[in-house]
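The values are calculated or read from the model by the stated rules, or taken from the named source; none is laboratory data. Because the structure is a prediction, the values reported are computed rather than measured. All Cβ positions, even for glycine, are placed from backbone atoms using ideal geometry, and neighbour counts span all protein chains on display.
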Amino acid sequence: MKKLLTVMTMAVLTAGTILMPAQSVTPAARAVQISDSERELPFKAKRAYSTISELSETIGPRIAGTAAEKKSALFIASSLRKLKLDVKVQRFGIPDRLEGTLSSAGRDILLRAASGSAPTEEQGLTAPLYNAGLGYPEDFTTDVKGKIALISRGDLTFYEKAKNAETAGAKAVIIYNNKESLVPVTPNLSGNKVGIPVVGIKKEDGETLNQQKEATLKLNAITNQTSQNIIGIKKPKNIKHPDIVYVTAHYDSVPFSPGANDNGSGTSVMLEMARVLKNIPSDKEIRFIAFGAEELGLLGSSHYVDHLSEKELKRSEVNFNLDMVGTSWENASELYVNTLDGQSNGVWESSHTAAEKIGFDSLSLTQGGSSDHVPFHEAGIDSANFIWGDPETEEVEPWYHTPEDSIEHISKERLQQAGDLVTAAVYQAVKKEKKPKTLKKQMKAKASDIYEDIK
């Protein structure tokens, strides 16, 4: 996940000590102060960290449509209900997916199925292996018929490799990576479909399979699945049609990954922000939303925005999205505010103001998509994504989308910094403005107003 051009740089403070006004409170206060009346917003990183533990350790990988994702949704809904928010569940269908196993010589091998691949028969497929090099047409002979083609990544597209193997008569295709990786390669068929099973594996596993005679592949189609968005609503009092501010994060993860930072961190910060902001006086409605199926292509957020009414769209003001805000990677020292076009908007303006007030100087406005702020932007709603990255390379942590995205790589300090900043920024966007008192001038009655003229 690359982050593009840095447009502005703001300001940061040591973790957990964010104050406003700065001169009036000691650095040990561990609370954001957001007005002259010294209202405190006590964001607690320990609480957020505990939520990450629940999602990444107790529940584990939360693949869209699975029981683990639904268990996470129940946990999030319960957390929001405890805050006395109006909680709603929005279910939506997701594409069919393939799930399966691969083994050879008594050893199980991690795999990722290609979208557009065919499943195997229910009992699976056991067949000889055929080394097809890079998968060019000339790499196949008539000997491939009835066998599983083992192909290295490189030169051709995944679809070209798979199609060449199918045309030559292979029963299935295993594509192995051409570089070291922590997880199997996912063959992208570019929206195409093939009539045989196609899976990806790691480089080391492919090289091992090249020494084996046969393998057993079982790939089942998982159909008619759903995911869900969890929405917690804080409504202002005595206002019929308030503007809406969204605080969002996705809670699903990729296969094999505990998803501690991506995106247990964003979900946990959102829930802690809901606790902190639930009682603040505001003229605006705040919607805290945990999106499902982000990793399948922003499906949850797209479904949500697509189903907003015209009246809701007109009332929608800004979207603060949180994605990967807890990394302990030392290089990720900049908190990026990604807008889809790289331009300043309402989210950046609130964040800029909050950063100045709390003394936060590691904030940058950048151009970037690839998260749930995108559908809001496309609907004409000011939106941005918050994410820690390396200011030199604009890269995110090396554990991204791997089994190493675990709680051991979560920083409470970074959680506190991100939580303090975004909490203060959201407050800037929703705070209830005090109307200045106006003193009506008392008009003195003229004598002519009281007495009739005597003529």
query = Could you say which residue among Glu356, Glu394, Glu404 is at positive phi and either modelled with pLDDT of 95 or more or not small (Gly, Ala, Ser) (or both)?
reply = Glu394
query = What are the residue pairs meeting all of these: first residue in the stretch 253-277, first residue on the phi > 0 side of the Ramachandran plot, second residue surrounded by fewer than 24 Cβ atoms within 10 Å (Cβ to Cβ), Cβ atoms under 6 Å, and 6 or more apart or on different chains?
reply = Phe256/Val183; Phe256/Pro403
note = Of Ser302, Ser364, the only residue that is outside any helix (DSSP H, G or I) and surrounded by fewer than 22 Cβ atoms within 10 Å (Cβ to Cβ) is Ser364
inquiry  = Condition check: basic (Lys, Arg), modelled with pLDDT of 95 or more and either touching a Cys at 6+ places or on another chain (Cβ under 7 Å) or buried (at least 17 other Cβ atoms within 10 Å of the Cβ) (or both). Does Lys161 satisfy that?
reply    = yes
query = If you scan the stretch 120-143, which residues turn out to be buried (at least 20 other Cβ atoms within 10 Å of the Cβ) and either in a loop (DSSP other than H, G, I, E, B) or among the β-branched types (Val, Ile, Thr) (or both)?
reply = Thr120, Ala132, Gly135, Phe140
remark   = Of the residues in the stretch 144-156, those that are surrounded by 15 or more Cβ atoms within 10 Å (Cβ to Cβ) and under 18 Å from Thr167 (Cα atoms) come to Val144, Lys147, Ile148, Ala149, Leu150, Ile151, Ser152, Leu156
query = What strands (runs of 3 or more DSSP E), lying completely within the stretch 1-105, carry at least 2 residues that are at pLDDT 95 or above?
reply = 86-93, 97-104
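Rundown of residues vs (1) surrounded by fewer than 14 Cβ atoms within 10 Å (Cβ to Cβ); (2) closer than 21 Å to Val254 by Cα, yes/no style:
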residue: Arg62; (1), (2): no, yes
residue: Ser72; (1), (2): no, yes
residue: Leu80; (1), (2): no, no
residue: Lys84; (1), (2): yes, no
residue: Ile94; (1), (2): no, yes
residue: Glu99; (1), (2): no, yes
residue: Ser103; (1), (2): no, no
residue: Arg107; (1), (2): yes, no
residue: Ser115; (1), (2): no, yes
request  = Scan the stretch 316-338 and give yes if some residue there is assigned by TED's automatic domain parsing to the domain that holds Ser50, modelled with pLDDT of 95 or more and over 25 Å from Ala48 (Cα atoms), otherwise no.
outcome  = yes
